[in-house]
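Chemist: Dropping a structure here in structure tokens format, bear with me for questions.
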């Protein structure tokens with residue numbers, strides 16, 4: 001084989017190798033993009049109309065002459081209930097019920113009493129199954145949680161407010177963090193060097209966010225102290 005032929009063959013091999021790497025990189029990027037597209041994105045906090053029918057019962061809990069609880073009834077059972085928990089004249093808690101069983105199916109809560117919903121929880125069989133949260137009170141979803149047996153088992157969060165998930169955590173049945181990852185390079189997927197690294201649970205941390213408990217269908221008793229959360 002002449003020197004010219006050997007050089008040409010070496011160049012051909014080198015070009016084939018580069019082509020293979022480019023194709024492989026494109027495949028990885030496509031896979032990362034597909035994974036990122038499956039993650040939730042920030043959007044306006046969801047809200048559904050609650051008490052809107054004509055068969056409505058009302059209750060003045062603290063005796064100030066203002067209605068604190070409004071419940072829409074269906075066949076003698078509650079269908080949806082609105083509660084003014086701090087007696088400021090605005091609804092803070094919305095609860096939906098399955099009329100046939102009386103079990104809670106959905107709860108929306110305004111934690112900071114600004115008139116906007118901050119948590120929307122979905123219940124299955126009367127037990128919370130998933131929720132979405134607005135933790136910085138800007139009106140947009142930024143945290144998504146899944147539950148098992150009423151406990152958080154998976155959390156996703158948009159920590160930097162760019163609308164995309166950048167924090168992932170998973171928990172065992174005791175609430176211990178068993179997986180923690182972040183997206184420092186902003187490609188929409190967990191960074192490999194963070195995957196599987198346990199994160200400490202501290203006050204105010206993601207795992208410390210309390211899961212909304214399944215509310216009881218019964219209305220609170222009268223005589224509740226004014227201004228107290230019920």
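The values are calculated or read from the model by the stated rules, or taken from the named source; none is laboratory data. Just so you know, these numbers come straight off a predicted model, no measurement behind them. Using ideal geometry, Cβ is built from the backbone for each residue, glycine included, and neighbour counts are taken over all protein chains shown.
Chemist: Only one of (1) at pLDDT below 95; (2) part of a loop (DSSP other than H, G, I, E, B); (3) crowded, with 16+ Cβ neighbours inside 10 Å is not met by residue 193, so which one is it?
Modeler: (3)
Chemist: Answer yes or no: is there a residue in the range 142-151 that is more than 15 Å from the chain's Cα centre (by Cα), free of Cβ contacts under 8 Å to residues at least 24 places away in the same chain and surrounded by fewer than 16 Cβ atoms within 10 Å (Cβ to Cβ).
Modeler: no
Chemist: Before we move on, is residue 165 touching a residue at least 40 places away in the same chain (Cβ under 8 Å), within 15 Å of the chain's Cα centre (by Cα) and within 26 Å of residue 96 (Cα to Cα)?
Modeler: The answer is no for residue 165.
Chemist: Where in the range 52-110 are the strands (runs of 3 or more DSSP E), entirely inside, with at least 1 residues that are in contact (Cβ under 8 Å) with a residue 60 or more places away in the chain, under 27 Å from the mean Cα position of the chain (by Cα) and surrounded by fewer than 14 Cβ atoms within 10 Å (Cβ to Cβ)? Spell out how you get there, then give the answer.
Modeler: On the way: elements: 56-59, 69-74, 77-83, 93-97, 104-109.
Fully inside the range 52-110 and qualifying: nothing.
Chemist: I'd like to verify a number: residues in the range 118-136 that are outside any strand (DSSP E or B), surrounded by 15 or more Cβ atoms within 10 Å (Cβ to Cβ) and either without any contact (Cβ under 8 Å) to a residue 60 or more places away in the chain or over 13 Å from the mean Cα position of the chain (by Cα) (or both), how many?
Modeler: 1
Let's see how each residue does on (1) in contact with a helix residue (DSSP H, G or I) (Cβ under 6 Å, 6 or more places away or on another chain); (2) modelled with pLDDT of 50 or more; (3) in a loop (DSSP other than H, G, I, E, B); (4) farther than 28 Å from residue 124 by Cβ:
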residue	(1), (2), (3), (4)
155	yes, yes, no, no
179	no, yes, no, no
202	no, no, yes, yes
216	no, no, yes, no
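Chemist: Are any of the residues in the range 153-169 in contact with a strand residue (DSSP E or B) (Cβ under 9 Å, 6 or more places away or on another chain), over 24 Å from residue 46 (Cβ atoms) and exposed (fewer than 13 other Cβ atoms within 10 Å of the Cβ)?
Modeler: No - not one qualifying residue is present in the range 153-169.
Chemist: Given the options 42, 33, name the one that is surrounded by 11 or more Cβ atoms within 10 Å (Cβ to Cβ), within 33 Å of the chain's Cα centre (by Cα), at pLDDT 95 or above and farther than 17 Å from residue 91 by Cα.
Modeler: Sole residue among the options that is surrounded by 11 or more Cβ atoms within 10 Å (Cβ to Cβ), within 33 Å of the chain's Cα centre (by Cα), at pLDDT 95 or above and farther than 17 Å from residue 91 by Cα: 42.
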